[in-house]
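Accompanying notes for the structure given below.
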Amino acid sequence: MTYQEGLNQIDKATQKITEANQLIIDSIMNAFLFTWQWWIALVMLVVPWIIWGIFRERESSARIFSAGLLVIVLTEILDTVGVSFGKWAYPVKVIPVATLNFSFRLSVLPVLVMLLLQWKPRFNPYIKAIFFGGFGAYVGLPTLAIIDLYKKIDWTFTYSFFILTLLYLLAHWFSRIDTF
């Protein structure tokens, strides 16, 4: 394939992606918007941040919030890769934009990490990480799958367990960096 042929192929792929995004937007606007699943997704996007605002420790909130932002960035990258390769999908989205991923990654996960980081900060981080990974992978994701907010395609919950466990440990390490 020549360089120009590659550019032409990218143009065709971009057109297909645009058409697929329009199908997703139409589904959200015409089938999912204001359903009980959509409302749960909205609550999952908003309520955790309200909880964080109420229960955060003011003196360490910048440090812990930075770890939460790290979780958001990393999960969005991993989600983009997973969805792009057809490993899982999020059928119902709060905002009808196909490229925006589900609120679980933007709200529930980072807030849960931040609350765990500030709760008993001297407690063994490996135990917290295993709890976080196990709860997210074996309780959270199956529950979301039951109510059609998450669709596992070519993936196992055990993979998510390891990723979530490592994600918590990385956030823990990041929140303990001396430069804070």
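Observations
- For segment 24-56, the tally of residues that are open to solvent by 70 Å² or more (accessible area, probe 1.4 Å) and either under 21 Å from ALA145 (Cβ atoms) or modelled with pLDDT under 90 (or both) stands at 3.
- ASN21 more than 25 Å from GLY68 (Cα to Cα) and loosely packed, with under 10 Cβ neighbours inside 10 Å: no
- Considered as a group, the residues in segment 1-15 that are assigned to a helix (DSSP H, G or I) and aliphatic (A, V, I, L, M) include one that is least open to solvent (accessible area, probe 1.4 Å), and that residue is ALA13.
- Qualifying positions in segment 149-163 - surrounded by fewer than 14 Cβ atoms within 10 Å (Cβ to Cβ), over 18 Å from LYS128 (Cα atoms) and out of contact with any strand residue (DSSP E or B) (no Cβ under 7 Å at 6 or more places or on another chain): ASP154, THR156
- One residue stands out among those in segment 101-115 that are part of a helix (DSSP H, G or I), open to solvent by less than 20 Å² (accessible area, probe 1.4 Å) and of a type outside the set (Ser, Thr, Tyr): the one that is nearest to LEU169 (Cα to Cα), which is VAL113.
- Applying the condition of being in contact (Cβ under 8 Å) with a residue 12 or more places away in the chain and among the polar types (S, T, N, Q) to segment 144-162 and asking which residue is nearest to LYS87 (Cα to Cα) yields SER160.
The values are calculated or read from the model by the stated rules, or taken from the named source; none is laboratory data. These figures come from a predicted structure and were not determined experimentally. Note that we place each Cβ from the backbone using ideal geometry, even for glycine, and neighbour counts take in every protein chain shown. Side chains included, ligands, DNA and RNA excluded: accessible areas come from the protein's heavy atoms. Shrake-Rupley method; radii C 1.70, N 1.55, O 1.52, S 1.80 Å.
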